[in-house]
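No lab work stands behind these numbers, since they all come straight from the coordinates. Just so it is clear, the model here is predicted, and its values are computed rather than measured. Reconstructed Cβ throughout: ideal geometry from the backbone, glycine too, with neighbour counts over all protein chains shown.
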């Protein structure tokens with residue numbers, strides 16, 4: 001009986017100091033919340049104790065939210081990783097026909113398609129992986145000779161010319177001296193563009209070949225036509 005009274009007194013003392021039910025239960029090893037409710041039913045907390053209790057409850061709520069958000073973040077990251085791997089596993093070996101479709105679709109989205117003036121294949125992007133696939137397309141599907149492939153890099157003043165040349169040379173397997181450089185500064189972007197948004201600028205792959213230009217446009221038209229007959 002004495003130990004029970006001692007435990008009760010300690011619980012009441014903790015409650016008056018602004019501790020929550022859960023905190024007291026953990027501190028004293030009390031399993032029943034009802035026991036604490038019975039002990040505390042006649043307690044009148046001082047304004048100081050009430051403020052401390054409110055403060056501790058808010059802190060506990062914040063910790064709970066932080067833990068819940070962290071757990072949710074871990075769950076989402078795990079789901080994203082699983083979906084990424086599943087997507088990657090969908091792609092097995094790629095045939096030349098599939099590479100043709102991929103390359104034509106890439107040009108459809110990012111290539112110049114105007115027939116005004118001197119027509120040529122001109123493909124621009126800042127994504128090195130997209131450029132890697134497109135280079136495979138023009139070399140293995142279009143059979144473009146290396147000496148016919150021209151390349152330019154559009155950069156901003158914050159970008160190192162040497163680093164951009166080395167990066168795109170490694171990506172495209174073209175010699176560094178093949179790249180011409182254009183430095184761009186527009187009124188709209190001056191002093192507003194973050195330094196790291198395009199760390200190596202935008203590359204433009206150009207092939208002056210009228211027949212290849214129309215061949216790729218024909219591929220795009222074929223994709224449009226054949227896609228309508230998919231059952």
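Taking the centroid of alpha carbons for each part, the range 163-180 and the range 104-154 are 15 Å apart. Between 23, 209, 125, the Gaussian network model of the chain with springs among Cα atoms under 10 angstrom shows the greatest mean-square fluctuation at 23. For 205, 91, the sequence from fewest to most other C-beta atoms within 10 Å is 91, 205. Cα centroid separation, the range 1-53 to the range 196-218: 74 Å.
With contacts taken as Cα pairs under 8 Å at a separation of at least 6 residues, the range 1-100 carries a relative contact order of 25 percent.
Please state the shape class of the range 2-86: rounded when a/c is under 1.5, otherwise prolate if a/b exceeds b/c and oblate if not, all from the C-alpha gyration tensor. Prolate, because a/c is 1.5 or more and a/b exceeds b/c. In the chain, helices alone account for a calculated mean residue ellipticity at 222 nm of -19000 deg cm²/dmol, with every DSSP H run of four or more residues adding -39,500 (n - 2.57).
For the chain, the longest principal axis of the Cα atoms and the long axis of helix 210-227 meet at an angle of about 50 degrees.
With neighbour counts taken as other beta-carbon atoms within 10 Å, the residues 224, 161, 216 rank, fewest first, as 224, 161, 216. When log10 I(q)/I(0) by the Debye sum over Cα atoms at q = 0.10, 0.12, 0.18 Å⁻¹ is calculated for this entry, the matching label among [x] -0.51, -0.69, -1.29; [y] -0.66, -0.82, -1.26; [z] -0.61, -0.84, -1.38 is [y]. On a 0 to 90 degree scale, rounded to 10, what angle separates helix 2-16 from the longest Cα axis of the chain? For 2-16 against the chain, the angle is about 50 degrees. For the chain, the longest principal axis of the C-alpha atoms and the axis of helix 47-90 are separated by about 30°.
Based on the Cβ-Cβ distance from residue 139 to residue 63, what FRET efficiency comes out when R0 is 45 Å, to the nearest 0.05? Once rounded, the FRET efficiency stands at 0.20.
Springs between Cα atoms under 10 Å define the GNM used for the chain, and in it the highest mean-square fluctuation of 165, 72, 139 occurs at 72.
Remark: 49, 93, 160 ranked as 93, 160, 49, counting other beta-carbon atoms within 10 Å and listing the fewest first.
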